[in-house]
Amino acid sequence: MAVDVILGLQWGDEGKGKIVDYLSENYHMVCRFQGGPNAGHTIKIGDNKYVLHTIPSGVFRQNIINLVGNGVVIDPITFMKELDKLDEAKIPYRDRLFIANKAHLILPTHRLLDAASEASKGKAKIGSTLKGIGPTYMDKTGRNGLRVGDINSEHFKSRYNQLREKHLSLLKLYPQVDFDLEGEEAKWFAAIEQLRSLNFVNGEYMVNEAIAQGKKILAEGAQGSMLDIDFGTYPFVTSSNTVTSGVCNGLGIAPSKIGRVFGITKAYCTRVGSGPFPTELFDDNGEKLRRIGQEFGATTGRPRRCGWIDLPQLKYTIMINGVTDIVITKLDVLDDFESINYCDSYDIKGEATDHLPFDLCVEEVNPQYTEIQGWNTSLDEVTEYQQLPEKAKAYITTLEEKLETKITMISTGPERRKILIK
Ligand code: GDP
Ligand code: IMO
Ligand code: MG
C-alpha cells in the first residue's frame, strides 16, 4: 500500500488537522513527518475543540496508530502538556502513540536562542513562534543534536550539558532576553522522565513494515508549502521541508511509496508572522475575513493576515508537491461577501505572469484579480456538494479549471461532519 499525504498549500493553518481527523478513519496509521510545536492543528468534534502541536491528528479515532516521525522536532514539555489534555478528555493513546528514535529534541536553550535571535533582528524578524524550531534543525544539520533515542544513553546528560554550553556561548552574540533557564530546565528533565514511559520505535522500520503488510498510511504535514525551507518565501519560512519530499526524509520511505497527495487550501488565504503575501488585504474585506474566519493563530493567538486566494501561488505549490487532490476549506467564511476576488496572475514590471519570481521579498508583484459574485447564503445546512448554491459551485469549478487539479473535498465548517465530497 502507498502512503497518502495531507499538507498545506499556502502559509499554514489551512485546516490540515480537521481534514486529517476526517480522513484518518480510512487509514491504519497517521504519521507526522516534520515540524514541531510551531504547528497548531485544530480538531472540533461535537462541542469539544482540541489543538494538537506535535501529536498526529489521527489520535481521536480509535484503533489508529499514530507515529511522530524522525523528521519532527519534539519539545518534551509541550508534548507532555498535550498528553495531559488527552488524559483530561479521556482519549486513550498509550498503546497507539509511537515516537521515532531519530526525532530530534528541542532543548530549553534552543527556545532561548530562538527568542534571542528574533530579538536581534528587529524589524527583519521572521515572526517565529519561538518554539525553538530553527535552532533545533540547525543543530540537526550541524550534527550536534540530541535525539529521542539518546534519552536512554548513559551519556545523555553529558551530551545535554555540552550542547547547552555551546548554546550559552552563542547567546553572548545576541541581546539578552527574559528567560527562566533554570526553571525551564527543571520542567524539561521532568518531562523527559515522563517521555520515557512512551513507545520509542525505529520509525522507518515501523512504517515500511506496515506498508509491506498492506496497511494504509496517512502522512500529516505541518505548516504550509510557502513556509518550506527550500521553496517558501525565504528567509520568512520555517526550518523544515514541508512539501511532499519531506515525507520521504521525515518517515524513511522511498518516493515510489507516495500515493495520493491531498493539498489543502482555504477558499481565501492567510499568513501569520512576517514575510511577503501578495494578495494580502489591508481593507475592510481583510478585517471581515479575519473576523468571520476567526483567523487567530492556534499556537500563538496572533491575528492572521488575510487576503484573497492566489492562483499563481497555488499552481506553484501544486507543482512542487505533485498534488493529486485539492481540498478547499473554510468556504463558509465567504458566505457573507457580495463579491469575491481571486488572483489569476501577477503583473511584474508591466508583464503578466503566473510564475512566482525568484524572490517575492524583493520583487514588486501586483496581483491581477478577477471578481465574481458571492452566493450570499449560509452554507450551514448544506450536507452534499449538489446542494451548494450555484454561485458557490461556480467558484469551485473555476478554481478546479484554473488549477488543473481535481477538487475532491470542500469543508464548510470547523466540525468533523462539515465536509462535502465532490
Ligand atoms: P491547521 O494548522 O492547518 O490544522 O489549521 P488550524 O487549526 O491552525 O486553523 C484552521 C482553523 O479553521 C481552525 O480553527 C479550524 O477549526 C477552522 N476550520 C477548519 N475548517 C474549517 C471550515 O471549513 N470552516 C470554518 N469556518 N472553520 C474551519
Ligand atoms: P500549522 O501546522 C502558520 C510561521 C511562523 C513564522 C514562520 C517561522 O499550524 O499550519 P517557526 O516557529 O517555524 O520558526 O516560524 O513560520 N509558522 C506557521 N504559520 N501555521 C503554522 O503551522 C506555522 N508554523 C510556523 O508564524 O512566520
Ligand atoms: Mg495551525
Margin query: So, residue 251, is that one more than 16 Å from ligand 2 (Cβ to nearest atom), in contact (Cβ under 8 Å) with a residue 60 or more places away in the chain and of a type in the set (A, V, I, L, M, F, W, C) or not?
Written below: yes
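Within region 345-352, identify whether any single residue is modelled with pLDDT of 95 or more, over 20 Å from the mean Cα position of the chain (by Cα), polar (S, T, N, Q) and more than 30 Å from residue 2 (Cα to Cα), and answer yes or no.
The initial filter retains those residues of region 345-352 that are modelled with pLDDT of 95 or more, namely 345-352.
Narrowing the set further to residues that are over 20 Å from the mean Cα position of the chain (by Cα) leaves 345-352.
Pick out the ones that are also polar (S, T, N, Q) and you get 345.
With the extra rule that they be more than 30 Å from residue 2 (Cα to Cα), the set shrinks to 345.
Yes, because at least one residue in region 345-352 is modelled with pLDDT of 95 or more, over 20 Å from the mean Cα position of the chain (by Cα), polar (S, T, N, Q) and more than 30 Å from residue 2 (Cα to Cα).
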Margin query: Anything in region 310-339 that is part of a strand (DSSP E or B), under 11 Å from residue 265 (Cβ atoms) and away from ligand 3 (no atom under 16 Å from the Cβ)? List them, or say none.
Written below: 310, 326, 328
Item checked: Matching entry among 27, 50, 22 (being at pLDDT 95 or above, more than 23 Å from residue 252 (Cα to Cα) and away from ligand 3 (no atom under 13 Å from the Cβ)) -> 22
Checklist line | Number of the condition not met by residue 376 [criteria: (1) at negative phi; (2) touching a residue at least 24 places away in the same chain (Cβ under 8 Å)] | finding: (1)
Check: Does region 269-281 include one or more residues that are outside any loop (DSSP other than H, G, I, E, B) and aromatic (Phe, Trp, Tyr)?
Finding: no
Check: For region 121-136, which residues satisfy the criterion of being away from ligand 3 (no atom under 16 Å from the Cβ) and either of a type in the set (D, E, K, R) or more than 17 Å from residue 300 (Cβ to Cβ) (or both)?
Finding: 121, 122, 123, 124, 125, 135, 136
Next item on the list: Would you check if there is a residue in region 228-242 being under 21 Å from residue 20 (Cβ atoms) and part of a strand (DSSP E or B)?
Entry: no
Next item on the list: Kindly establish whether residue 330 is charged (D, E, K, R) and closer than 30 Å to residue 203 by Cα.
Entry: no
Next item on the list: Please list, ordered by first then second residue, the pairs with beta carbon atoms under 6 Å, 6 or more apart or interchain, first in region 8-19 and under 9 Å from residue 264 (Cβ atoms), second among the basic types (Lys, Arg) and within 8 Å of ligand 3 (Cβ to nearest atom).
Entry: 8/16
Notebook entry, point to check: When the residues of region 172-224 are filtered to those that are among the small types (Gly, Ala, Ser) and assigned to a loop (DSSP other than H, G, I, E, B), which remaining residue is farthest from residue 120 (Cα to Cα)?
Noted result: 214
Item checked: Residue, surrounded by the fewest Cβ atoms within 10 Å (Cβ to Cβ), within region 2-46, restricted to residues that are near ligand 2 (Cβ under 9 Å from one of its atoms) and in a strand (DSSP E or B) -> 42
Next item on the list: Just name the residue that is farthest from ligand 2 (Cβ to nearest atom) out of those in region 204-232 that are more than 16 Å from residue 129 (Cβ to Cβ) and among the β-branched types (Val, Ile, Thr).
Entry: 211
Next item on the list: May I ask you to list pairs of residues, at least six apart or on different chains, whose Cβ atoms are under 8 Å apart, with the first in region 330-347 being farther than 17 Å from residue 306 by Cα and the second being among the small types (Gly, Ala, Ser) and not in a helix (DSSP H, G or I)?
Entry: 338/374; 345/352; 346/352
Next item on the list: Would you check if there is a residue in region 365-377 being in contact with a strand residue (DSSP E or B) (Cβ under 9 Å, 6 or more places away or on another chain), within 19 Å of residue 314 (Cα to Cα) and in a loop (DSSP other than H, G, I, E, B)?
Entry: yes
Next item on the list: For region 295-305, indicate whether the set of residues that are away from ligand 2 (no atom under 14 Å from the Cβ), touching a strand residue (DSSP E or B) at 6+ places or on another chain (Cβ under 7 Å) and at pLDDT 95 or above is non-empty.
Entry: no
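The values are calculated or read from the model by the stated rules, or taken from the named source; none is laboratory data. This one's a predicted model, so the numbers in the text were calculated from it and none came from an experiment. Note that we place each Cβ from the backbone using ideal geometry, even for glycine, and neighbour counts take in every protein chain shown.
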